[in-house]
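Heads up: the structure comes next, in structure tokens.
Only the coordinates and a few stated rules stand behind these numbers; no lab work does. Every value quoted in this text rests on a predicted model; they were computed, and no experiment measured them. Virtual Cβ from ideal backbone geometry, glycine too; neighbours counted across all protein chains shown.
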Amino acid sequence: MARGSDIRVCVNSHNVYIYCIYSCTPRDARDRSRIARSTIRDSRRIDSNASSQNMGVLWALPVPYARAMLRDTFVDAIATRVLALYGLVALGTYAMPKLFVQMMPAQNLRKKYGATWALVTGGSTGIGRSLAEALLDQGLNVAIAALDDEALVETTKALRERHGAKREVRAIAVNLGDRSGGYVDVIARAMEDVDVQCVFNNAGFMLTGFFDKQPLEKLNANHECNATSAMRITHVFVTRMLEKKLRGCVVFTSSAAACQPTPFSALYGATKAYVSSFAANIGVELKSRGVDVCAVHPSPVASRFYDNAHKLDSLNFFMKFAVKPEELPTEMFRPIGRVLWHDVGAVAVGFRMLLKLLDYGFFATLISRFAHFMGDYKKNV
């Protein structure tokens, strides 16, 4: 049909029908609207006997545009473009930095910062041990702050035997769940003779089950270890780096749990959300002063981390997608200095994408409505 014949009029003795074929461009829309109104007036003259009730249907035409309900009208076109732009920005600002980081080469932190020492909390097992090994391989000396147990002794011995006299490995036996914060002075004194330029706040543990059924003392220790200790230790070593004008980095092992509701492991998700938010905030303050900050959100990891946690059906499901701890250091080193947050693994990426689609509050409310049907709820109630 020609562009000039988009509007047709059919008149009978009872009704006037106006057919609009919206092939016009948005720029032409106002002109077409004027044509439509003129046609309505003409049609009224043609059938002066038509009742006002029958003629009322004409005012359903998209005039003004706020009343447009038909496909491809001006308002629909604008709304479609706005929603498309919103989706593009929401997904693009997540995907583009991630793709950028993935395309960049792995980083040697010793060379990047001219560093000689790194500190790893919770470095005796799991991700922490893998980080310590990778840092030693890059030529850094490493201090491991962890519980005074057999794992710390065994890990320290193994790392010293592997690297011999080339690298120094220090073991700092501390309880990061001690609410008095006494571990801070122990760590600070143990490292006062060297410059620590790479800090990995990796320590943490998970309590599962209903929040109200956990002893308060245990919850306080969990909060101290997962969140408060990271803040205290970061303050010590960031202050030292800034005073000496040294470049360096602070890296937080957060979790995919930081970005989603985590019922039945409530404090774990909450402390990881704190860690990620804290990292983003101080990262803004420190970047221009030479200290890079990054919070890494790994997917579940096949390690001893979950040994002391009560088994959850949801956790068992996601453990099917677990990554090995030795695979993580390269991916954790890659985003440092490039982005403030970085997701590693399908589970972490999947949940971040889900919460681009669903509002966090809506998602949490939705889960709360159906929680009593969940196997984990029935086990713990």
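What is the gain in length, in nm to one decimal, between Lys166 and Ala364 on full extension, counting 0.36 nm per residue of separation less the C-alpha to C-alpha distance?
On the way: separation 198, 0.36 × 198 = 71.28 nm, distance 5.11 nm.
Fully extending the segment from Lys166 to Ala364 adds 66.2 nm.
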Based on other C-beta atoms within 10 Å, arrange Asp292, Asp149 from fewest to most. Asp149, Asp292
Check each of the trypsin sites (Lys or Arg not before Pro) in region 97-204 and keep only those in coil by DSSP with at most 10 other C-beta atoms within 10 angstrom; list them in order. Lys166
Mind giving me the nanometre distance, one decimal, between the label points for Arg179 and Lys111, set 7 Å out from Cα along Cα→Cβ? 4.8
Test of understanding: what is the full-extension gain from Arg338 to Leu354, defined as 0.36 nm times their sequence separation minus their Cα-Cα distance? 3.4 nm
If the reach is capped at under 20 angstrom between alpha carbons, list the lysines near Lys378, excluding any in the same chain fewer than eight residues apart. Lys213, Lys311
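What's the extension gain from Lys213 to Met231 if we count 0.36 nm per residue and subtract their Cα-Cα distance?
Working: separation 18, 0.36 × 18 = 6.48 nm, distance 2.73 nm.
Gain on stretching Lys213 to Met231: 3.8 nm.
Only loop residues by DSSP count here, and only those with at most 10 other Cβ atoms within 10 Å; note down the trypsin sites (Lys or Arg not before Pro) in region 214-285 that meet that.
Numbers: sites: Lys218, Arg232, Arg240, Lys244, Lys245, Arg247, Lys272; in loops: Lys244, Lys245, Arg247.
Counting only loop positions with at most 10 other Cβ atoms within 10 Å, the trypsin sites (Lys or Arg not before Pro) in region 214-285 are Lys244, Lys245.
So which chymotrypsin sites (Phe, Trp or Tyr not before Pro) in region 88-171 are both in a DSSP loop and have at most 12 other Cβ atoms within 10 Å of their Cβ? Before the final figure, lay out the partial values.
Working: sites: Tyr94, Phe100, Tyr113, Trp117; in loops: none.
Counting only loop positions with at most 12 other Cβ atoms within 10 Å, none of the chymotrypsin sites (Phe, Trp or Tyr not before Pro) in region 88-171 qualifies.
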